[in-house]
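**Q** Below is a structure I'd like to ask you about.
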Amino acid sequence: MVTPIDLPQLLAVAETLPRDPQVDDLGILTCACDRLSAVALEREVYPTLRYKAAALLEQLVRHDALEHSNYQFAWLAVCEFARLNGYRLEAEPKDALALVLGVRAYEIALPESARALSSWWEPNGAD
């Protein structure tokens with residue numbers, strides 16, 4: 001069972017950013033939450049935790065919801081989603097940045113993003 005991320009949790013992530021950015025578009029945040037539970041033709045659009053995480057990253061990095069720090073926010077939101085589901089992301093900062101920038105530039109598609117996130121996914125408590 002997947003634990004979804006909700007609007008209050010995304011807002012809490014935003015509050016952790018330097019200079020506490022203003023939310024410019026709550027609709028983007030609500031869409032991000034809703035996208036993870038999307039169903040079409042009686043099937044989940046994003047059937048795995050990693051695909052849901054990739055969809056969350058894509059939604060937040062391609063659409064600026066905050067006045068600043070949107071890339072950092074998108075990454076931290078995915079980390080929070082992972083944490084809510086018993087995982088953490090163990091990525092080198094340069095690799096995480098490359099993923100975020102590639103998704104933003106439409107150079108990395110959702111399946112590739114999900115694969116990258118899968119390679120960094122570690123259960124919480126694992127060393």
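**Q** Whether any residue in segment 99-116 is over 17 Å from Q59 (Cβ atoms) and either touching a strand residue (DSSP E or B) at 6+ places or on another chain (Cβ under 9 Å) or of a type in the set (A, V, I, L, M) (or both) is what I want to check. Walk me through it before giving the result.
**A** To start, the set of residues in segment 99-116 that are over 17 Å from Q59 (Cβ atoms) comprises 115.
Next, from what is left, pick out any that are either touching a strand residue (DSSP E or B) at 6+ places or on another chain (Cβ under 9 Å) or of a type in the set (A, V, I, L, M) (or both): none.
Looking through segment 99-116, none of the residues is over 17 Å from Q59 (Cβ atoms) and either touching a strand residue (DSSP E or B) at 6+ places or on another chain (Cβ under 9 Å) or of a type in the set (A, V, I, L, M) (or both).
**Q** In segment 1-37, what count of residues is obtained for those that are part of a helix (DSSP H, G or I) and either open to solvent by 70 Å² or more (accessible area, probe 1.4 Å) or touching a helix residue (DSSP H, G or I) at 6+ places or on another chain (Cβ under 9 Å) (or both)? Explain how you work it out, then say what you get.
**A** Here is the first cut: in segment 1-37, the ones part of a helix (DSSP H, G or I) are 7-15, 26-35.
Subsequent filtering for residues that are either open to solvent by 70 Å² or more (accessible area, probe 1.4 Å) or touching a helix residue (DSSP H, G or I) at 6+ places or on another chain (Cβ under 9 Å) (or both) retains 7-15, 26, 28-35.
Final tally of qualifying residues: 18.
**Q** Another question about this same structure. Looking at L29 and the list (1) over 12 Å from the mean Cα position of the chain (by Cα); (2) closer than 22 Å to E67 by Cβ, which single condition is not satisfied?
**A** All conditions are met except number (1).
**Q** Would you mind stating whether S113 is of a type in the set (S, T, Y), over 22 Å from A12 (Cβ atoms) and touching a residue at least 24 places away in the same chain (Cβ under 8 Å)?
**A** Working: of a type in the set (S, T, Y): yes; over 22 Å from A12 (Cβ atoms): yes; touching a residue at least 24 places away in the same chain (Cβ under 8 Å): yes.
Considered against the rule, which asks whether it is of a type in the set (S, T, Y), over 22 Å from A12 (Cβ atoms) and touching a residue at least 24 places away in the same chain (Cβ under 8 Å), S113 comes out as yes.
**Q** Please go through segment 28-49 and give me each residue that is closer than 16 Å to V61 by Cα and touching a residue at least 24 places away in the same chain (Cβ under 8 Å), ordered by number.
**A** Scanning segment 28-49 gives I28, L29, C31, A32, C33, R35, L36.
**Q** Look at segment 55-98 and say how many of its residues are touching a strand residue (DSSP E or B) at 6+ places or on another chain (Cβ under 7 Å), among the aromatic types (F, W, Y) and more than 17 Å from P8 (Cα to Cα).
**A** Adding up the residues that qualify gives 1.
**Q** Of the residues L97, L84, L36, L101, which is modelled with pLDDT of 95 or more and closer than 22 Å to L7 by Cβ?
**A** L84
**Q** Pull up segment 15-26, narrow it to residues that are among the charged types (D, E, K, R) and free of Cβ contacts under 8 Å to residues at least 40 places away in the same chain, then point me to the one that is farthest from E67 (Cα to Cα). Spell out the reasoning first.
**A** At the first step, the residues of segment 15-26 found to be among the charged types (D, E, K, R) are 15, 19-20, 24-25.
The next check asks that each one be free of Cβ contacts under 8 Å to residues at least 40 places away in the same chain; those that pass are 15, 20.
Details: E15: 12, D20: 9 Å.
That would be E15.
The values are calculated or read from the model by the stated rules, or taken from the named source; none is laboratory data. Just so we're clear, the structure is a prediction, and the values are computed from it rather than from any experiment. Backbone-built Cβ (ideal geometry, glycine too); neighbour counts: all protein chains shown. To get the accessible areas, we keep the full protein, side chains included, count just its heavy atoms, and leave off ligands, DNA and RNA. Shrake-Rupley method; radii C 1.70, N 1.55, O 1.52, S 1.80 Å.
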